[in-house]
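All remarks here apply to the structure that follows.
The values are calculated or read from the model by the stated rules, or taken from the named source; none is laboratory data. Since the structure is predicted, the reported quantities are computational estimates derived from the model, not experimental observations. A quick note on method: Cβ atoms are made from the backbone with ideal geometry, for glycine too, and the neighbour counts reach across all protein chains shown. To get the accessible areas, we keep the full protein, side chains included, count just its heavy atoms, and leave off ligands, DNA and RNA. Shrake-Rupley method; radii C 1.70, N 1.55, O 1.52, S 1.80 Å.
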Amino acid sequence: ERRDRIRNFSIIAHIDHGKSTLADRILEKTKALTQREMKEQMLDAMDLERERGITIKLNAVQLEYKANDGEEYIFHLIDTPGHVDFSYEVSRSLAACEGALLIVDAAQGIEAQTLANVYLAIDNDLEIIPIINKIDLPSAEPERVKQEVEEVVGLPMDDCILASAKDGVGIDEILESVVKDIPAPAGDPEAPLRAMIFDSVYDPYRGVIVYFRIVEGTVKPGEKIRMMATEKEFEVQDIGVFTPKPESKKELSVGDVGYMIASIKNVSDSRVGDTVTHAKNPAPEMLPGYRKLNPMVFCGLYPVDANGYTALREALERLELNDASLQYEAETSQALGFGFRCGFLGLLHMEIIQERIEREYGIDLITTAPSVIYEVVTTDDEVLEIDNPSHMPDTQKIERVSEPFVKAEVMTPNEFVGPVMELCQKKRGQYIDMKYLDENRVNIVYNIPLSEIVYDFFDTLKSNTRGYASFDYEIIGYKESNLVKMDILLNGEKIDALSVIVHRDFAYERGKIIVDKLRDLIPRQQFEVPVQASIGQKIIARSTIKAMRKNVLAKCYGGDVSRKRKLLEKQKEGKRRMKNVGNVEVPQEAFMSVLSMD
Ligand code: GTP
């Protein structure tokens with residue numbers, strides 16, 4: 001039967017351990033276009049994704065493989081995004097598989113994302129095939145890494161396949177292992193339809209393209225389907241598979257992985273993790289694991305030019321069509337005027353959206369510092385969710401405040417254990433556990449407030465460990481903290497867009513750092529500008545921006561016109577990102593200064 005010859009799998013790996021290279025080798029062996037050729041052809045629209053070298057959207061390719069047993073097998077290789085912000089999407093694409101190829105770099109060993117991905121694969125009951133990649137490297141230590149796989153991941157070291165994706169070593173063994181070790185999909189093709197959505201993308205011509213995996217039942221064009229979570233109904237126009245070119249099919253059945261087009265206007269009607277069933281004779285229950293994604297990180301987006309407000313709203317409306325996890329609502333700031341408070345899955349997601357608005361829609365933005373959602377219980381027992389620090393009620397009205405915490409796992413060489421623990425401590429981390437992976441690598445676990453992760457944790461970790469540490473986290477829930485709102489005053493005026501929530505014990509230190517940073521970032525004005533940090537009515541830190549002394553142009557001796565023009569242009573360039581706040585000109589970077597830690 002056809003179904004017995006289907007194998008659905010993903011490749012999971014830590015960044016740079018060779019996922020794309022191995023995928024390319026597999027595509028070559030099965031004579032599909034390679035991933036890189038495919039990217040060139042299909043993803044031209046998304047330069048950003050390619051520039052950053054990360055996969056934001058998942059893809060699924062159908063491949064044909066003739067195995068040593070003489071049979072022709074159908075492989076569905078499902079790609080997963082490579083960043084912690086998108087871990088829910090990773091978990092759903094793994095849920096569409098029966099197996100996963102786990103790649104570990106023979107020179108690096110297991111890293112934080114290796115383990116995070118393994119946990120996701122185990123949660124989804126996948127058969128895991130461990131692969132030690134890059135054995136061609138002089139620094140490769142396949143025996144040591146094999147042992148690590150056995151000790152840390154719990155897979156027998158003898159099961160590891162040694163490979164070099166670069167040189168094409170081990171590829172046949174991997175493909176045969178896919179056939180032998182990964183089970184064929186099970187499920188009843190006559191049962192009511194249940195198909196899991198693991199991705200959906202918006203196409204301006206065809207509407208939403210749903211990527212899904214049929215778990216039970218069969219679906220055909222013309223049928224009426226229902227999304228079980230959103231309860232929306234649509235008529236199927238086209239279904240098919242990617243080879244990697246889209247290829248229409250008359251039906252898709254158990255084990256098939258492909259696409260569906262059904263006049264869906266908005267990706268929020270086809271959410272990742274949702275179950276597709278028939279409108280008539282629907283399945284009684286959804287597939288497990290559906291979760292509506294809630295944004296974790298918020299910031300204000302304001303057009304530099306107040307006339308850009310409508311354009312910004314239109315840009316957000318368009319981006320939302322393609323991104324069910326992007327949230328926004330109108331907000332007004334005394335300092336910045338009309339803009340939007342936007343919610344994101346994480347920092348990378350936030351940066352990607354900001355860049356797309358600026359590049360694709362040509363809107364210059366002022367972005368306020370990212371914040372998490374704080375839970376405030378007031379003295380009248382009211383519960384508030386605060387996603388904007390300036391909305392924090394007055395201290396005397398607050399009974400208690402809680403903030404989201406993450407469980408952070410850092411893997412690092414021995415020599416950096418000190419600096420890593422120091423950093424976690426400084427970020428208000430609570431020590432949980434420390435385990436040696438082998439004689440010179442350690443896994444350190446801390447619970448840390450999400451807001452501290454948002455503030456440059458990753459960059460500092462990288463620089464404190466010369467790039468050697470890897471890091472992954474998951475949200476574990478809310479905990480009470482001693483938090484207060486700190487306001488920033490420029491020229492005696494409170495600037496709402498600069499308010500920040502800080503831990504009381506660190507308030508003085510942070511206040512001092514922030515006012516000094518602002519003093520350095522805000523250009524001198526015609527008059528002296530005091531910069532102050534306050535908690536409630538109490539000023540806790542102060543510094544002063546001195547008045548401007550001489551004209552910049554005075555630096556250009558006499559008549560060099562082109563030089564003078566350049567300087568003026570440079571000033572203008574700088575001005576684009578300036579916002580007049582009260583009577584002080586404030587550059588974009590100043591709104592991020594509340595993030596600086598030293
Ligand atoms: P992300 O897309 O960033 O997650 O990385 P990835 O895991 O897809 O890694 P990728 O395939 O892009 O490989 C990362 C680097 O390792 C590239 O420079 C590859 O050329 C190199 N590389 C991949 N496989 C091998 C290998 O077997 N041997 C050697 N020497 N280098 C390899």
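Scanning the stretch 187-228 for residues that are in contact with a Phe, Trp or Tyr (Cβ under 9 Å, 6 or more places away or on another chain) and small (Gly, Ala, Ser) yields a total of 2.
Considering the stretch 59-90, and only residues there that are among the acidic types (Asp, Glu) and surrounded by fewer than 19 Cβ atoms within 10 Å (Cβ to Cβ), the residue that is nearest to Glu173 (Cα to Cα) turns out to be Asp69.
For the stretch 255-265, check the following and say yes or no: at least one residue is more than 22 Å from Ser93 (Cβ to Cβ) and open to solvent by 20 Å² or more (accessible area, probe 1.4 Å). Yes: one or more hits. Among the residues of the stretch 95-132, the one identified as closer than 20 Å to Leu175 by Cβ and in a helix (DSSP H, G or I) is Ala121. Being without any contact (Cβ under 8 Å) to a residue 12 or more places away in the chain, more than 30 Å from Glu585 (Cα to Cα), among the aromatic types (Phe, Trp, Tyr) and open to solvent by 70 Å² or more (accessible area, probe 1.4 Å) holds for only one residue in Tyr431, Tyr478, Tyr436, and it is Tyr436. Is there a residue being more than 16 Å from the ligand (Cβ to nearest atom) and part of a helix (DSSP H, G or I) anywhere in the stretch 180-196? Yes - at least one qualifying residue is present in the stretch 180-196. One residue stands out among those in the stretch 91-111 that are away from the ligand (no atom under 15 Å from the Cβ) and within 23 Å of the chain's Cα centre (by Cα): the one that is farthest from Gly187 (Cα to Cα), which is Ser91.
Sort out which residues of the stretch 516-529 are within 13 Å of Val586 (Cα to Cα) and free of Cβ contacts under 8 Å to residues at least 40 places away in the same chain, and write them in order of number.
Listed by number, the residues that qualify are Arg519, Asp520, Arg524.
In summary, strands (runs of 3 or more DSSP E) completely within the stretch 375-481 and bearing 2 or more residues that are at pLDDT below 95 and of a type in the set (D, E, K, R) occur at 398-413, 430-438, 470-481.
Checking each residue in the stretch 112-140 for being within 11 Å of the ligand (Cβ to nearest atom) and either surrounded by fewer than 22 Cβ atoms within 10 Å (Cβ to Cβ) or not polar (S, T, N, Q) (or both) picks out Ile131, Ile132, Lys134, Ile135, Asp136, Leu137, Pro138, Ser139, Ala140.
Restricting attention to the stretch 572-598, the residues that are part of a loop (DSSP other than H, G, I, E, B) and either open to solvent by less than 40 Å² (accessible area, probe 1.4 Å) or modelled with pLDDT of 80 or more (or both) total 2. Restricting Leu33, Leu48 to residues that are part of a loop (DSSP other than H, G, I, E, B), among the hydrophobic types (A, V, I, L, M, F, W, C), modelled with pLDDT under 90 and surrounded by fewer than 24 Cβ atoms within 10 Å (Cβ to Cβ) narrows the list to Leu33.
The condition of being more than 12 Å from the ligand (Cβ to nearest atom), crowded, with 16+ Cβ neighbours inside 10 Å and in a helix (DSSP H, G or I) holds for only one of Glu143, Glu148, that being Glu148. Within the stretch 268-320, how many residues are in a helix (DSSP H, G or I), open to solvent by less than 40 Å² (accessible area, probe 1.4 Å) and of a type outside the set (D, E, K, R)? Selection size over the stretch 268-320: 6.
In the stretch 199-211, is there at least one residue being open to solvent by 30 Å² or more (accessible area, probe 1.4 Å), within 16 Å of the ligand (Cβ to nearest atom), in contact with a helix residue (DSSP H, G or I) (Cβ under 6 Å, 6 or more places away or on another chain) and not in a loop (DSSP other than H, G, I, E, B)? The answer is no; no qualifying residue exists.
For Asp172, are the conditions met, namely being over 29 Å from Tyr259 (Cβ atoms), within 16 Å of the ligand (Cβ to nearest atom) and touching a residue at least 60 places away in the same chain (Cβ under 8 Å)? Considered against the rule, which asks whether it is over 29 Å from Tyr259 (Cβ atoms), within 16 Å of the ligand (Cβ to nearest atom) and touching a residue at least 60 places away in the same chain (Cβ under 8 Å), Asp172 comes out as yes. Looking for something farther than 30 Å from Val410 by Cβ, buried (at least 16 other Cβ atoms within 10 Å of the Cβ) and touching a helix residue (DSSP H, G or I) at 6+ places or on another chain (Cβ under 6 Å) - is there at least one such residue anywhere in the stretch 458-472? For the stretch 458-472, residues farther than 30 Å from Val410 by Cβ, buried (at least 16 other Cβ atoms within 10 Å of the Cβ) and touching a helix residue (DSSP H, G or I) at 6+ places or on another chain (Cβ under 6 Å): absent. For the stretch 321-364, taking the residues that are of a type in the set (Val, Ile, Thr), surrounded by 16 or more Cβ atoms within 10 Å (Cβ to Cβ) and modelled with pLDDT of 90 or more, the one that is farthest from Lys292 (Cα to Cα) is identified as Ile363.
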